[in-house]
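Every number in this text was worked out from the coordinates using simple rules, so none of it is lab data. Note that the structure is predicted; figures quoted are calculated from it, not measured. Neighbour counts are summed over all protein chains in view; Cβ atoms, including those assigned to glycine, are modelled from backbone coordinates with ideal geometry.
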Amino acid sequence: MCACFARAEFALKATRYAVNRRGAVASHWDNFARDMAAVVDSSETPELMEAVNYLHAHPPKRQVVNGQRAAFEAEATQSTRPTVIERALEYTRRIRNNLFHGVKYFDSDESNRDPRLIDAALIVLEACVRADPAVWIAYEYGDA
């Protein structure tokens, strides 16, 4: 997941999805998600449809501050993005953020769902990256 997400962020920055955020280059995931919503059909393949449905049924939790310590919200916040693909990509970014930056503990309720969330996010990420030829070339070959 980490390597795939890093490659996707590189590919976005190497193509038309780079943005300046407070003096630093970042991937413009919101623009990418809007563009992918127009070209990626979540029912394209059974695997993609299942991944999108799983993410919507079991959205990842966000990291929050509880007192003075990091924790995950008690109930996952639903995305308010207008399309299925935009919501799935928002959840994919949340999963990535939790993996890179989240508190690292596993309780019995979370440890079973975490691998499924990661797998679903990877399926969505690959479908969206493949849908844009320039992004796919940068992702696959390191050049746009």
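Only helical runs count toward this figure. For the chain, summing -39,500 (n - 2.57) over DSSP H runs of n ≥ 4 and dividing by all residues gives -18500 deg cm²/dmol at 222 nm. Electrostatic bookkeeping for HIS28 treats Lys and Arg as +1 and Asp and Glu as -1; over the other residues with beta carbon under 11 Å from its beta carbon, the sum is +1. Seen from ASP143, the other residues with C-beta closer than 14 Å to its C-beta sum to a net charge of +1, counting Lys and Arg as +1 and Asp and Glu as -1.
If you take every residue apart from ALA38 with its C-beta less than 13 Å away from the C-beta of ALA38, what net charge results, scoring Lys and Arg +1 and Asp and Glu -1? Let's see the in-between values first.
Numbers: positive: ARG34; negative: ASP35, ASP41, GLU86, ASP132.
Net local charge, ALA38 excluded: -3.
Note on PHE100 and ARG113: the model spin-label points, each 7 Å out from Cα along the C-beta direction, lie 2.3 nm apart.
Look at ASP132, ASP41 and count the other Cβ atoms within 10 Å of each Cβ; fewest to most, that gives ASP41, ASP132.
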